[in-house]
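Written below as structure tokens is the structure these notes are about.
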Amino acid sequence: MASPRHGAAGMSAPVTRSELEDFLYLEAALLDNWQLDEWLALFVDGARYFIPPAGADDDADPATLLFYVADDYHRLCERVKRLKKRTAHAEFPRSRCRRMVSNVRYLAGDAARFSVTSNFVTWRSKLGVTDTFFGHHVYELTQVAGQLRILSKKTFLDQDDIREQGKVSIIP
Amino acid sequence: MTASPSALLDDDRARGVFRVARRAFTDPEILARERLAIFENCWLYLGHDSEIAKPGDYLTRKVAGRDILFARGKDGTARAFFNTCPHRGALVCREGAGNGAMFRCFYHSWAFDLEGRLVNRPGDEGYGEGTRKGGMHDLVRVPRLEQYRGLYFMHLQAAGDDLKTYLGGALEYIDLVLDQAETAMEIVGGTQAYGFDANWKLLCENSFDGYHGLPTHVSYFDYVKSKPGSLVEVAIKGRAFDLGNGHAVVQYTAPWGRPVAQSVPAWGDAAAREVAAIKARLVARFGAERAERMATTNRNLLIFPNFVINDIMAVTFRTFYPEAPDKQVVNAWALAPREESPAMRELRLFNFLEFLGPGGFATPDDCEALALCQRGYGSLGGAGWNDISKGYLSDEPQVDDEAQMRAFWREWHRRVTEQPA
Ligand code: FES
Ligand SMILES: [Fe+2]
């Protein structure tokens, strides 16, 4: 089971919950609006992006397990590039999406690198079909010039399978 | 000659015309015939040896609408049972996979060993001798389970061709994939379980459709070109083959890297050396010609009706089943040589996700195309034909021709139109 770690007792987060929430809400809004370049700019160079299979542990490794998505930074940039093209047929015309983010919790780390989790529900609607994705995200965050930035993002889907949702052609 | 409006196939060699009625994708009655004539009467891929490697390992899987329990007994033998309790019918095993000594149905707590025998039930003294005889209350075995080199197939009928006879001309191509391992092949970490709104036969076609590769996947090719050295100068060129019994394959050269055994510059020197060593061992084991074929040609192989082996930038197994004329569920697995180094394994999985699966740079576009085809069939109210004539008049059908699909469709047609016995 994917069970997010809990913040160690008494450990003080380098940022406040509302700063974290602002950041994650901004991320969701950029994705909802298909502002993918701006979304990508939230990641540091070298960042990674993952969607492990259902039931994966938080520390699941794409070198030994078949994920849905395991992007290095280059592939993440190319994912964004692709999603902006007409030839990303799965997302042309684009899905309309709405993301709900909640239960934001600081987990562990220090100002240079700390982990944060949130729950999410994402709806995607296209050609008369609406799909729901839900689960939790685990981020490794850092701060660059006083701004929060993403070192890695793992999206754990809670669906046993994605029979209904089919493709993960959006960023849930 | 023109096909009658009720015909499902228009196969006219003289005119070089091969068409499939769109009704084949939309008519619930056809699906009912497929269930009977095809899914109840063909060998269906169930799973791989490595997925239940140790005694006590088990997994549950849906095959042709049946919940199946696939388990390895203490004696090391793999067995397939219908996952339904002989008492009242509840699902006996509710987990996706695991290891244990027995299965206990939670409803009234009947327990079965790994061989399927009823070994315990509360209040057994309340039952008469008659209910203990002849294994009346053992788990019911799937009528036939056979394997070829670790690939387990099941059959819902007790009689008929054995697995090897059924696989026939496909065996050669299965061997080309499995021989890549020096030890054995194994399934790597789980199932991609997805689905989409299109008839299952559209995925049969798509899985070895060389014609759509460039237009549908232009964004994938854009991506691989974005990283210098991700491709080598090799054209996509090759042939389509009808392997009999509805099985068919396309075999071709292609520019992407393959863990066995075509390195690309972007993988770096260490990987290049490793791939060269793999290739050298292939040559030692099989001779230059066969090694070359294994290493540098790709294969998209369809085992009739619904088992696809794609031996491309990674090796995939894929099955899919209709839930409705316009809805299917897909299972996809990654296959790899067990002895593969961690570095090569990582590359293989990275390669897999580049193209394949619901989050890849190509598969989602396939799903979209197929769903749009399905949607298009609604526009003609069941009339109209799909054209599958490409390369019909050629003696050497190419990878981007459609001979492989015609092989599938002829077998499909034979089965669904045959009078039931
Ligand atoms: S239904 Fe399984 S024990 Fe009764
Ligand atoms: Fe494709």
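The values are calculated or read from the model by the stated rules, or taken from the named source; none is laboratory data. Since this is a predicted model, take the numbers as computed values, not measurements. No Cβ is skipped: glycine too gets one built from the backbone with ideal geometry, and neighbour counts run over all protein chains shown. Ligands, DNA and RNA are excluded from the accessible area calculation, which covers all protein heavy atoms including side chains. Shrake-Rupley method; radii C 1.70, N 1.55, O 1.52, S 1.80 Å.
General remarks:
- DSSP-loop trypsin sites (Lys or Arg not before Pro) across the range B:134-228, with at most 16 other Cβ within 10 angstrom: B:R149
- Across B:L178, A:L127, the residue with the most accessible area heads the list, and the full order at a 1.4 Å probe is A:L127, B:L178.
- Under Karplus coefficients 6.51, -1.76 and 1.60, residue-wise ³J(HN,Hα) of the range A:151-163 in Hz, glycine/proline x: 8, 7, 9, 10, 10, 9, 7, 8, 5, 4, 8, 10, 4
- In this calculation the C-beta distance from A:D37 to B:I236 is compared with R0 = 51 Å, giving a FRET efficiency of 0.95.
- For the residues of A:50-62, the average number of beta carbons from a partner chain within 10 Å of their own beta carbon is 3.
- Within the range B:1-144, the proportion of Cα pairs with more than 20 Å between them is 59 percent.
- Taking θ as phi - 60° and the Karplus parameters 6.51, -1.76 and 1.60, the scalar couplings of the range B:11-20 work out to 10, 10, 5, 4, 8, x, 10, 9, 9, 10 Hz in sequence order, x denoting glycine and proline.
- Estimated FRET transfer efficiency when R0 is 35 angstrom, pair B:E95-B:M136 (beta carbons, to 0.05): 0.85
- The GluC sites (Glu not before Pro) found in the range B:273-331 include none that occupy coil by DSSP while having at most 10 further C-beta atoms within 10 Å.
- Between B:E182 and B:A280, the contour length at 0.36 nm per residue exceeds the alpha carbon distance by 34.0 nm.
- With a Förster radius of 56 Å applied to the C-beta separation of B:K74 and A:N119, the computed FRET efficiency comes to 0.85.
- Label positions at A:A63 and B:H108, each projected 7 Å from the Cα along the C-beta direction, are separated by 5.3 nm.
- All lysines inside 28 Å of B:K390 as judged from Cα atoms, apart from same-chain residues fewer than 8 positions distant: B:K201, B:K237, B:K327
- For the range B:114-216: rounded, prolate or oblate by the Cα gyration tensor [a/c cutoff 1.5]: prolate
- Other-chain or far-sequence residues with amide H under 5 Å of B:L46's (modelled H): B:Y152, B:F153, B:M154
- By the Cβ-Cβ criterion of under 4.7 Å, the unpaired cysteines of chain B are B:C42, B:C93, B:C204, B:C367, B:C373.
- What the phi angles of the range B:337-342 give under the Karplus curve with 6.51, -1.76 and 1.60, with θ = phi - 60°, is a coupling list of x, 4, 7, 4, 6, x Hz, glycine and proline written as x.
- For the range B:316-391, relative contact order (Cα pairs under 8 Å, six or more residues apart, normalised by length) works out to 15 percent.
- Under the criterion of Cα pairs below 8 Å and six or more residues apart, the relative contact order for chain B equals 21 percent.
- Computed with a 1.4 Å probe over protein heavy atoms only, the accessible area of A:T64 comes to about 90 Å².
- Based on DSSP H segments of at least four residues, each scored -39500 (n - 2.57), chain B has a per-residue ellipticity at 222 nm of -8000 deg cm²/dmol.
- Shown here for the range A:93-129: trypsin sites (Lys or Arg not before Pro) in loop regions (DSSP other than H, G, I, E, B) with at most 16 other Cβ atoms within 10 Å, namely A:R94.
- 20 Å cut-off, amide nitrogen to a point 7 angstrom out along B:A343 Cα→Cβ, residues in the range B:310-325: B:314
- Inter-chain Cβ neighbour average for residues B:189-202, partner chain, 10 Å: 5
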